[in-house]
Amino acid sequence: MNDIQRFVSKLSIKKVWNMASIYLSFQISRRTKNPRIWGAPVTISIEPTTACNLRCPECPSGLRQFTRETGNLKEDFFRKIVDQLYHRLTYLIFYFQGEPYINPSFLQMVKYASEKKIYTITSTNGHFLNDKNAKDTVESGLDRLIISVDGTTQDVYENYRKEGNLETVLHGARNVVKWKKKLNASHPHIIFQFLVVKPNEHQIPEIYKLAKEIGVDEVKLKTAQIYDYKNGNDLIPTLDAFSRYKKMPDDTYSLKHVLLNHCWKMWHSCVITWDGFVVPCCFDKDATHKLGDLKQDNFDEIWHNESYQRFRRLLFKGRDQIDICQNCTEGCKVWK
């Protein structure tokens, strides 16, 4: 069973109806500038941990710059959240900040979600895919495994993945491929994610060759979010297709895109931090816009509360006035 077939096999009439309802409510809200919510999120990102073993330069977890506490999602708390959502939830992304495999209960939580027929995804830096974890990953039922491989040689890789070891990552990928074959499993669908930055852009052809050699299913090229971009940055690619920024006549840089005053993400998805706060999306990395607390309220109450509706209304007034939206290239946008 391939990745698409596996996803379709987990759909139900209730999930499809929910997807249609939430899409219709978004389209009506966009046209009327008045947020209506019919249905529950299709996608939830939940944070296994804020801890990370690397020190990547454009990541608040790697830079240790969070103002919020570092911690691990508790398995019993996770089960309570899933029990509220699973009958309508299509995707569950086990990632926000931090390295998921640092949480000792991570794969048990994946297994619980898989048993509830939710399509499960995680993103990892690949340093914890030893033989046991690779076997447990396949047996957990994880549907999609994204491994960050931002270079094909150690010197280039460590330009961004500070304190990382490329050979450890590649060995981990080989472990998962091996256990998929041993267990005769079609999952997880393995993706090499290549964050295109100036130091590695010349290695784009090589990442495809490396993925094929190892037996990885797919390669995805990702553009990099740069926080300090205005006066230039050594990470901004020279390849225009992979840069979110453009050089201005005065040699400063600006965003290439124009924000539209609506955002599909605020209807079909949300993010839950390890300690139970609901925040708008993955760009709110420090959880500065807390819309509810699952330790106090159930999800449906939060999803429809006034804080959430107020934030949705702000989108229609001007996304350029919302801090977490200003460096966003996801959701609704057009390119200059």
LYS230 vs. criteria part of a strand (DSSP E or B), more than 30 Å from THR90 (Cβ to Cβ) and open to solvent by 10 Å² or more (accessible area, probe 1.4 Å): no
Would you be able to say whether some residue in segment 85-94 is in contact with a strand residue (DSSP E or B) (Cβ under 8 Å, 6 or more places away or on another chain), part of a loop (DSSP other than H, G, I, E, B) and either within 24 Å of ILE22 (Cβ to Cβ) or in contact (Cβ under 8 Å) with a residue 12 or more places away in the chain (or both)? yes
Any idea which of (1) within 17 Å of CYS281 (Cβ to Cβ); (2) surrounded by 24 or more Cβ atoms within 10 Å (Cβ to Cβ) is the one SER123 doesn't satisfy? (2)
Within segment 142-163, residues touching a helix residue (DSSP H, G or I) at 6+ places or on another chain (Cβ under 8 Å), surrounded by fewer than 21 Cβ atoms within 10 Å (Cβ to Cβ) and in contact (Cβ under 8 Å) with a residue 40 or more places away in the chain come out as THR153, VAL156
Closer than 23 Å to GLN296 by Cβ and surrounded by fewer than 22 Cβ atoms within 10 Å (Cβ to Cβ): which single residue out of GLU58, GLU47, GLU75 fits that description? GLU75
From the set of residues in segment 185-204 that are part of a loop (DSSP other than H, G, I, E, B) and open to solvent by 10 Å² or more (accessible area, probe 1.4 Å), which is farthest from SER243 (Cα to Cα)? ALA185
If you take the residues in segment 28-44 that are of a type in the set (S, T, N, Q) and open to solvent by less than 30 Å² (accessible area, probe 1.4 Å), which one is nearest to HIS268 (Cα to Cα)? THR43
Looking at segment 291-317 only, could you name the residues that are in contact (Cβ under 8 Å) with a residue 12 or more places away in the chain, open to solvent by 10 Å² or more (accessible area, probe 1.4 Å) and of a type in the set (Lys, Arg)? LYS295, ARG313, LYS317
Conditions (1) touching a Phe, Trp or Tyr at 6+ places or on another chain (Cβ under 6 Å); (2) exposed (fewer than 15 other Cβ atoms within 10 Å of the Cβ); (3) among the β-branched types (Val, Ile, Thr): number failed by ILE324: (2)
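The values are calculated or read from the model by the stated rules, or taken from the named source; none is laboratory data. As the structure is a prediction and not an experimental result, all values here were calculated from the model. Ideal geometry is used to build each Cβ from the backbone, glycine not excepted, and the neighbour counts take in all protein chains shown. Note: areas computed on protein heavy atoms with side chains; ligands, DNA, RNA excluded. Shrake-Rupley method; radii C 1.70, N 1.55, O 1.52, S 1.80 Å.
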